[in-house]
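Data block below; observations after.
The values are calculated or read from the model by the stated rules, or taken from the named source; none is laboratory data. Every value quoted in this text rests on a predicted model; they were computed, and no experiment measured them. Neighbour counts are summed over all protein chains in view; Cβ atoms, including those assigned to glycine, are modelled from backbone coordinates with ideal geometry.
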Amino acid sequence: MATVLYHLGRVAFRWRWFVALLWVAILGAVGFAASKAPTPADEGFTMPGIESQKAFDLLEQRFPGSAADGASARIVFIAPSGEKVTAAENKKTVETLVDEAADGSQVAAVADPFQAKAVSKDGRTAYAVVSFKAKADALTDASKTRLEKAIDQAREAGLTVEVGGDALAAQPAAGGASEVVGIAVAAVVLLITFGSLAAAGLPLLAAIIGVGVSMTGVLALSETLGLSENTGTLATMLGLACGIDYALFVVSRYREERAKGRAPREAAGLAVGTAGSAVVFAGLTVVIALAGLWIVGIPMLTKMGLAAAAAVLVAVLVSLTLVPAILGFWPNAVLSRGARKNSRRYLKKQQKPENGGSRWARVVVRHPLPVLLLGVVGLGAVATPVLDLQLGMPGDEAKSTSTTERRAYDALAEGFGPGFNGPLTIVVDAKGATDAKAAVSTVAKDLAATDGVVSVSPARFNQAQDTAVLSVTPATAPTDEKTKDLVKTIRDERPGIEAKADGATFEVTGKTALDIDVAQKVQDSLIPYLAVVVGLAIVLLLLVFRSLLVPLKAAFGFLLSVLAALGAVVAVFQQGHGADLLGVETTGPIMSLMPIFLVGIVFGLAMDYEVFLVSRMREAYVHGEAPEQAVVSGFRHSARVVVAAALIMMAVFSGFIGAGESMIKMIGFGLAIAVFFDAFIVRMAIVPAILSLLGHKAWYLPKWLNRILPNIDVEGEKLSHKVPAAPVQPTAVDEPQSAEPVATH
């Protein structure tokens, strides 16, 4: 592996014009294909195998055309204190708004609150639902403006008017100014790490090109593979993260080889042959994690995982080919100012056997047991809130009170009860019943008598009169655990109810039931997903490090960091500890897909740090150093780069914490804290402590297994026999270092 990549790096460096133009041509061709591709369709969210999805599918089949997915706006009217919306003047204001809202060309229907009996018992609150023919992103400005003007007129008349639904809802922002600050911090970290604008900019440039190729590829294949606009979200995030990390590792090793006095082309070959080998296997572990998302059984999530895996593969290819090619154009630009000037201070610094990384490693090596216990116990304590993890899908109740959607939610909960915002939809299949209406009536009567049910709406039959829909209003809020218990109770009591219903059957669906079912399925899939991903990664790391204990240690550390990150998310966003500091106004269940996203993304980044850091330790050990000294050597060469990569990822992810949406805050916080735990506690403390305690045993591999496993040579042991040794001292960048010419482009 190392030998093949060494030659690849040298070829890319020498044929830099060809490699650079090839990537430009690929980007142009894929971009052209994307521009000609049809607009990707919104595939929606489906979850095969759960009851709420089956019921929804039956609803679409028996009520053709009724399950329209157009936008909607739920307009809530609140009368001033001491008044009622049913008063003559207020009623006239509401009816005027309803008439004006119905005139829009994209409006499908408007439900008058007085005819639909959508008025609270105290008469202070009412609501009207405006249904549109088009989806929210397809509504014209004229349609939105007409509705907004009607709402403003109602407000001017003295009513408080709030709007829920997706028709006028603002699209979630990814973090705004705080995200820009995060990216700026990442640039500063790179600049401090390398001391060169070119070296700081090269990883960013490589990552952007890689993401450009992968994202335009997603758009180009959107119709062929059934991809949507949302498919590329995870791919963009991981493409940037891994692209920066991988290029950072290669550039760092190139600078290290140049500091030893090697010629530029030779340094590029060695950088790709050694750091590039770590990049290949780190990338493969990420691909395993992302491809493993199919285990969850959500088609959208599977496509997102595969698209992100493709983006990571592109990032690997860019780091192995385009990065050395760019180094070929400007071989000295990425070097620090001291290296370019070949100053005495720089030469003296290069000859020092110690730096911050090696000094920290020596502290850990001297006190491995206290460091290990402190790290494990600390992360274990942070992880304890995971035992109280509740998954769900936060809605308008999780938004800021400054939004009209949140105020509309609160007004409806106050006027009609907390369960009004999350009704359960009951689909009754009466095809097998002798008297369909009597059977549906029996089901409705028994449901109304169930504890926790406030009301059951009148049945709405389809045209064939063999299927009916009932709306059940719970006594508790959609995200309340009691609502989850109610859904379970209804399903548990179903056999008895159906026995009285003369052959009719029913299923529970609706947004609330769907969220509950999705959360349960994700929770059930989490352990199998972890088992498959971690198991395959252990096998891959076994090939990389040729050791039994190092891969197990890597998996153990990853599980610790993920559980600690989930524990921190639960503590803040569910239990409310420190929520005010992050601007979280309402606590509640953790987003259902959050654990899966966290595992997939953090696993990828964790394996990046593991492979790059430990491969340098393995390289030192293979070349004859004692186990403890190999740990110190690995930190001396790699700690600074791993710290820089982790700080960059933390800065980028932290930018999402400034978003207004609670779910985006949750993702940003979870990813940032997970990277912190994994990079600085697991990889920088627990890993060297364990390796120090294990000594030679850390690198032990049974003879029979050693004969079976292929020798991939990630550390570049074979290169040491083929490549001439570097000069004892660094040489000036302008001195002749080999027979090959130095690029001057």
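Apart from one condition, Phe506 fits all of (1) closer than 27 Å to Leu605 by Cα; (2) surrounded by 15 or more Cβ atoms within 10 Å (Cβ to Cβ); the exception is (1).
Quick grid of which residues meet (1) under 20 Å from Gly283 (Cβ atoms); (2) touching a Ser or Thr at 6+ places or on another chain (Cβ under 6 Å); (3) part of a helix (DSSP H, G or I); (4) at pLDDT 85 or above:
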residue: Glu610; (1), (2), (3), (4): yes, no, yes, no
residue: Ala620; (1), (2), (3), (4): no, yes, yes, no
residue: Ala651; (1), (2), (3), (4): no, no, yes, no
residue: Ala672; (1), (2), (3), (4): no, yes, yes, yes
residue: Phe677; (1), (2), (3), (4): no, yes, yes, yes
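Name every residue in segment 363-382 that is within 17 Å of Leu694 (Cβ to Cβ), part of a helix (DSSP H, G or I) and not aliphatic (A, V, I, L, M), in order of residue number.
Arg366, Pro368, Pro370, Gly375 - these are the residues of segment 363-382 that are within 17 Å of Leu694 (Cβ to Cβ), part of a helix (DSSP H, G or I) and not aliphatic (A, V, I, L, M).
Considering only residues in segment 587-620 that are under 14 Å from Gly670 (Cβ atoms) and among the β-branched types (Val, Ile, Thr), the one that is surrounded by the fewest Cβ atoms within 10 Å (Cβ to Cβ) turns out to be Ile596.
Looking only at segment 301-324, decide whether some residue is surrounded by fewer than 19 Cβ atoms within 10 Å (Cβ to Cβ) and at pLDDT below 85. So far as segment 301-324 goes, yes, one or more of its residues are surrounded by fewer than 19 Cβ atoms within 10 Å (Cβ to Cβ) and at pLDDT below 85.
Restricting to segment 414-441, name every residue that is in a helix (DSSP H, G or I) and crowded, with 18+ Cβ neighbours inside 10 Å.
Gly415, Phe416, Pro418, Gly419, Phe420, Asn421, Ala436, Ala439, Val440 - these are the residues of segment 414-441 that are in a helix (DSSP H, G or I) and crowded, with 18+ Cβ neighbours inside 10 Å.
Checking Gln523 against (1) in contact with a Leu (Cβ under 7 Å, 6 or more places away or on another chain); (2) assigned by TED's automatic domain parsing to the domain that holds Val611, which test does it fail? Gln523 satisfies every listed condition except (2). Restricting Ala381, Ala408 to residues that are at pLDDT 85 or above, of a type in the set (Gly, Ala, Ser), exposed (fewer than 13 other Cβ atoms within 10 Å of the Cβ) and within 31 Å of the chain's Cα centre (by Cα) narrows the list to Ala381.
Answer with yes or no whether Pro474 is at pLDDT 85 or above, more than 30 Å from Pro418 (Cα to Cα) and not polar (S, T, N, Q). Can you show your working first?
Numbers: at pLDDT 85 or above: yes; more than 30 Å from Pro418 (Cα to Cα): no; not polar (S, T, N, Q): yes.
For Pro474, the condition - at pLDDT 85 or above, more than 30 Å from Pro418 (Cα to Cα) and not polar (S, T, N, Q) - is not met.
Here Ala241, Ala186, Ala235, Ala198 are screened, and the one residue that is surrounded by fewer than 17 Cβ atoms within 10 Å (Cβ to Cβ) and either assigned to a helix (DSSP H, G or I) or at pLDDT below 75 (or both) is Ala198.
A count restricted to segment 75-102 and to residues that are part of a helix (DSSP H, G or I) and of a type outside the set (Val, Ile, Thr) stands at 11.
When Ser105, Ser131 are screened for being part of a strand (DSSP E or B) and not aliphatic (A, V, I, L, M), only Ser131 passes. Residue count for segment 100-147 satisfying the condition of being among the aliphatic types (A, V, I, L, M), surrounded by 16 or more Cβ atoms within 10 Å (Cβ to Cβ) and out of contact with any strand residue (DSSP E or B) (no Cβ under 8 Å at 6 or more places or on another chain): 2. Of everything listed in (1) crowded, with 17+ Cβ neighbours inside 10 Å; (2) at pLDDT 85 or above; (3) outside the structural domain of Ile26 (by TED's automatic domain parsing), the single unmet condition for Gly357 is (2). Put simply, of Pro551, Pro474 the only residue that is of a type outside the set (Asp, Glu), touching a helix residue (DSSP H, G or I) at 6+ places or on another chain (Cβ under 9 Å) and not assigned by TED's automatic domain parsing to the domain that holds Gly600 is Pro474. Picking from residues in segment 629-640 that are in contact with a Ser or Thr (Cβ under 9 Å, 6 or more places away or on another chain) and closer than 16 Å to Ser547 by Cβ, the one that is surrounded by the most Cβ atoms within 10 Å (Cβ to Cβ) is Val631. Considering each residue of segment 707-717 in turn, at least one proves to be surrounded by fewer than 21 Cβ atoms within 10 Å (Cβ to Cβ), assigned to a helix (DSSP H, G or I) and at pLDDT below 85. Within segment 261-297, track down each residue that is in contact with a helix residue (DSSP H, G or I) (Cβ under 8 Å, 6 or more places away or on another chain), surrounded by fewer than 24 Cβ atoms within 10 Å (Cβ to Cβ) and not in a helix (DSSP H, G or I). Listed by number, the list holds a single entry, Gly297.
Annotation: Phe635 fulfils all but one of (1) outside any helix (DSSP H, G or I); (2) modelled with pLDDT of 80 or more; the unmet one is (1).
For the residues Ala564, Ala568, the requirement of being closer than 30 Å to Thr401 by Cβ and either part of a helix (DSSP H, G or I) or at pLDDT below 80 (or both) singles out Ala568.
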